[in-house]
Structures are given as C-alpha cells and as structure tokens.
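Inspection log for the structure reproduced underneath, given as structure tokens.
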Amino acid sequence: MPTRRRSGLAQPLVGRVRPVDLWRCTATGCRLVRVLRVAVVDDEALVRSGLSLILAVPEDMEVVVSCDGVRAVDEIAQHRPDVVLLDIRMPEVDGITVLGQVLALPEPPVVAMLTTFAADDQVTAALRAGAVGFLLKDTEPEQLIHAVRLLATGGSVLSPVVTRTVIGGYVAAAGDPEVVELIATMTEREREVLALLGEGLSNLEISQRLFLSVGTVKEYVSTILTKLGAANRVRAAVLAHRAGLVGSG
C-alpha cells in the first residue's frame with residue numbers, strides 16, 4: 001500500500017471507491033445506474049435497520065453489509081463496499097479496532113464513524129486511525145444520504161456538533177507548532193484549496209468553486225497532504241481550521 005511519511009513515520013493512504021453499474025428498473029423501463037455499495041456496522045440491530053432503510057431509498061446506493069462489529073471485517077472483505085459507516089463504540093469489539101482492521105484490507109473502503117455523543121473522546125482516536133468522517137446517529141436522512149455521496153467523491157464529513165470536538169481534541173492534542181509555518185510555504189491556490197477542504201467540500205465541489213478541473217484539484221489535494229504530512233482530508237481540514245483558514249463554525 002502506498003504511504004506518506006512524516007517525521008520518519010509511514011502513514012497509509014487509505015480509502016478507495018469503485019462504484020458498480022447496475023440495472024435499475026421502474027414502470028417506465030430499465031437503465032444502468034452507477035451504484036455506491038455501503039456497509040453499516042453497529043452493535044444495535046435497530047440502528048442498523050434504520051440506517052439501512054434510509055440508504056436503500058436512493059437508486060444510486062445499495063447496502064451490501066449490515067452487521068455487528070464481530071462480523072464486520074469478514075463481511076467487508078467479502079462484499080467490498082465503497083463506504084463503511086462504523087459505530088465507534090461497540091461492546092464486543094470497539095470501533096477503533098475494527099477501523100484499523102478494515103483499513104488494513106487490500107484496497108480498503110472509505111470509513112466514517114457513527115457516534116451517539118458529540119463529545120465522544122473516541123472521535124480523536126478514530127481520526128488518528130484514519131477515519132475520514134464522523135456522523136451522529138440521529139443525522140437527518142437527507143443529510144446522511146448526502147454524506148455518503150460526499151465521502152464517495154473524496155469529501156470529508158464532520159457533523160457540525162462534532163467538529164468542535166475534532167478540532168479542539170485532535171488538533172490541540174497534536175500541538176503542531178509547524179502548521180502555520182507549513183501553510184505559509186503553500187501557494188495562494190493551495191491555501192484556497194485547503195480552506196475549501198476545511199469546509200468539507202469534495203473534489204468536484206472544489207473544482208466548481210474554483211473553476212478548475214477535478215484532476216487539477218486532485219493534484220492540489222495530494223500536494224497539500226504531502227506538505228502538511230496529513231494522512232487524509234479530515235486531518236488537513238482540521239489543520240485548516242486550526243490555522244484560521246476556515247470560519248469557526
């Protein structure tokens with residue numbers, strides 16, 4: 001697996017999304033639709049069922065895994081979802097452990113954590129372990145669907161009420177005095193892209209905002225992650241907040 005290095009420590013570049021084309025049929029006929037495969041991992045069957053029902057509504061999504069943490073790694077390895085929604089706290093095996101095992105799989109999926117409490121101290125640990133998003137379990141259905149699509153297109157997802165915990169916990173705990181200095185070495189365009197990463201925008205949304213091609217945005221994001229020594233977009237996003245490139249929302 002490719003890695004990025006910072007201070008001599010290798011950090012894996014994790015997460016891949018490869019949607020499949022499936023036939024979707026209605027009363028007016030059938031057509032091919034690019035479908036995102038989603039996994040829902042939670043120890044509570046009621047939560048799994050509720051989230052799965054919501055994600056089964058859009059024609060461009062399919063829940064291919066719905067299970068508890070004990071079965072999660074095997075199920076994900078078998079069904080190869082594009083996006084995983086993973087409960088951060090489970091009784092038999094904790095979400096951080098499952099996260100590490102999932103990201104160690106060949107061509108791992110994108111993983112966002114599900115949490116009940118905005119101030120969950122495990123959010124910081126999950127970010128360090130490679131999670132690219134955090135959602136409260138009571139997220140509105142429309143927001144949940146949008147979040148999955150955003151994750152699939154390279155965006156990061158932070159529920160607003162979780163953002164303060166992530167920024168204050170992860171960034172403050174990291175206490176990296178070099179962040180502002182590193183950002184100062186970036187070009188004006190790189191800082192613009194970083195600020196939009198801090199807003200949680202996907203590559204497509206950034207390209208539309210800055211009138212750039214998606215490919216160009218990907219190159220900027222790769223350069224930014226390398227300069228910051230950040231393993232993923234969420235880490236870059238919170239550093240953008242810490243450096244004052246993004247409003248304090």
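Points worth noting:
- Screening the candidates A39, A125 for the property of being of a type in the set (G, A, S), touching a helix residue (DSSP H, G or I) at 6+ places or on another chain (Cβ under 6 Å), touching a residue at least 12 places away in the same chain (Cβ under 8 Å) and under 18 Å from T153 (Cβ atoms) yields one hit, A39.
- With respect to (1) in contact (Cβ under 8 Å) with a residue 40 or more places away in the chain; (2) exposed (fewer than 15 other Cβ atoms within 10 Å of the Cβ); (3) not aromatic (F, W, Y), the lone exception for R191 is condition (2).
- Among the residues here, V110 qualifies as crowded, with 22+ Cβ neighbours inside 10 Å, within 13 Å of the chain's Cα centre (by Cα), at pLDDT 90 or above and among the hydrophobic types (A, V, I, L, M, F, W, C).
- Failed condition for V40, given (1) crowded, with 17+ Cβ neighbours inside 10 Å; (2) modelled with pLDDT under 95: (2)
- Residue within the stretch 78-86 that is modelled with pLDDT of 90 or more and either touching a Ser or Thr at 6+ places or on another chain (Cβ under 8 Å) or assigned to a helix (DSSP H, G or I) (or both) present: yes
- Considering the stretch 122-158, and only residues there that are surrounded by 21 or more Cβ atoms within 10 Å (Cβ to Cβ) and assigned to a loop (DSSP other than H, G, I, E, B), the residue that is nearest to the chain's Cα centre (by Cα) turns out to be V132.
- V221 fulfils the conditions (1) over 19 Å from the mean Cα position of the chain (by Cα); (2) at pLDDT 85 or above; (3) among the hydrophobic types (A, V, I, L, M, F, W, C) except for a single criterion, (1).
- Exactly one residue out of V179, V246, V234, V238 is at pLDDT below 90, surrounded by 13 or more Cβ atoms within 10 Å (Cβ to Cβ) and farther than 23 Å from T153 by Cα: that is V179.
The values are calculated or read from the model by the stated rules, or taken from the named source; none is laboratory data. Please read these numbers as outputs of a predicted model, since none were measured by experiment. Note that we place each Cβ from the backbone using ideal geometry, even for glycine, and neighbour counts take in every protein chain shown.
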